[in-house]
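Peer 1: My structure is below; once you've seen it, I'll send some questions.
Please treat every number below as a calculation from the coordinates, not as lab data. In this text, all values refer to a predicted model and were calculated from it rather than measured experimentally. Cβ placement follows ideal geometry from the backbone for every residue including glycine, while neighbour counts extend to all protein chains displayed.
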Amino acid sequence: MNENEIMNWEAIGAIGEAVGAIAVIATLFYLAVQIHQNNRNVEESIRTLRLNAMGFTVESFSRYRALLSQSNLAAIYLKGSSDYGTLSDVERIQFGALMDEYLFSYSSLQHRVLEGTFDKIDWNIHLVGLREFLAEPGAADWWMQHKHRFRPGLVSDIERGNG
C-alpha cells in the first residue's frame, strides 16, 4: 500500500468518526426532546389525576351533605352527635349510616393522599373538621365503639390530632 492509499483510509476513518459523533449527538438530542415531552405528559397526567381526585372528594362529601339535608336525618345527626346514648335502636342505625358515609369519605380521601393524588396539606385541613366533629360527646361515643371498622392509618391520623 502506498502513502496516498493510507492517507485516503485515514481520511475515510476520520470522516466515519465524525459521522458517528454527529449521529451520537443527534441521538442524544432526540432523546432529550423525547424525555422533555414525556415529562410534560406525565405532569399533565398528574394534574388530571389531582383534578379527578378533587372531583371524587367533592362527590363523596356531597352524598353525605345530601343525606343531612333530609330533615329526619339532620335531627338524628344533631341528637346523635350530642348524645349517642339517647338514640333509639332505629336512630342508632340511621346515625351509624351517616357516620359510615362521613368516615368512609375520609378514608377514601386519605387513600388518595397516600396515592399522591390529593395534597397532604389539604388532607390535614380536612382532618381538623373531622376531629372537631368527633370531639362532640355523642360522636366521640360512636367513634370509640366503631373505630375498629376503619383502616388503622385513618384511625391513627384522626387520633394523632386528638392527643
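Peer 1: Using Cα atoms only, what is the angle between the long axis of helix 71-82 and the major principal axis of the chain, expressed in degrees (0 to 90) to the nearest 10?
Peer 2: Its long axis makes an angle of about 90 degrees.
Peer 1: While we're here: Residue by residue through segment 100-115, which ³J(HN,Hα) values in whole Hz follow from phi under the Karplus form 6.51 cos²θ - 1.76 cosθ + 1.60 (θ = phi - 60°), with glycine and proline marked x?
Peer 2: Using θ = phi - 60°, the values come out as 4, 4, 5, 6, 5, 5, 5, 5, 5, 5, 4, 4, 5, 4, 5, 6 Hz.
Peer 1: In whole Hz, with x marking every Gly and Pro, tabulate ³J(HN,Hα) for segment 14-25 from phi via Karplus 6.51 cos²θ - 1.76 cosθ + 1.60, θ = phi - 60°.
Peer 2: 5, 5, x, 5, 5, 4, x, 5, 5, 5, 5, 5
Peer 1: Here is a further query. Add -39500 (n - 2.57) for each DSSP H run of 4 or more in the chain, then divide by its residues: what number comes out at 222 nm, to the nearest 500 deg cm²/dmol?
Peer 2: Values: 6 runs with 139 residues, N = 163.
After summing the helix terms and dividing by residue count, I get -30000 deg cm²/dmol.
Peer 1: Provide the per-residue ³J(HN,Hα) series for segment 124-138, in order, calculated from phi with Karplus coefficients 6.51, -1.76, 1.60 and θ = phi - 60°, each as a whole number of Hz, with x at glycine and proline positions.
Peer 2: Whole-Hz 3J(HN,Hα) from phi for segment 124-138: 5, 5, 4, 4, 4, x, 5, 4, 4, 5, 6, 7, 5, x, x.
Peer 1: Can I ask one more? State the label only: which of (1) 212; (2) 153; (3) 96 corresponds to volume of the Cα convex hull per residue in Å³ computed from the shown model?
Peer 2: Among (1) 212; (2) 153; (3) 96, the one derived from this structure is (2).
Peer 1: What is the magnitude of the charge dipole of the chain about its Cα centre, with +1 placed on the Cβ of each Lys and Arg, -1 on the Cβ of each Asp and Glu, and no other charges, expressed in debye to the nearest 20?
Peer 2: Rounded to the nearest 20 debye, it is 840 debye.
Peer 1: Related question: Which whole-number value in Å³ per residue fits the convex hull of the alpha carbons of segment 79-163?
Peer 2: Cα convex hull per residue, to the nearest whole number: 82 Å³.
Peer 1: May I ask you to derive the relative contact order of segment 60-104, considering only C-alpha pairs under 8 Å and at least 6 residues apart, and to give it as an integer percent?
Peer 2: 40
Peer 1: For a quick protection proxy, order the peptides 30-43, 87-100, 104-117 by their average other-Cβ count within 10 Å, most packed first.
Peer 2: In decreasing order of mean packing, 30-43, 87-100, 104-117 become 104-117, 87-100, 30-43.
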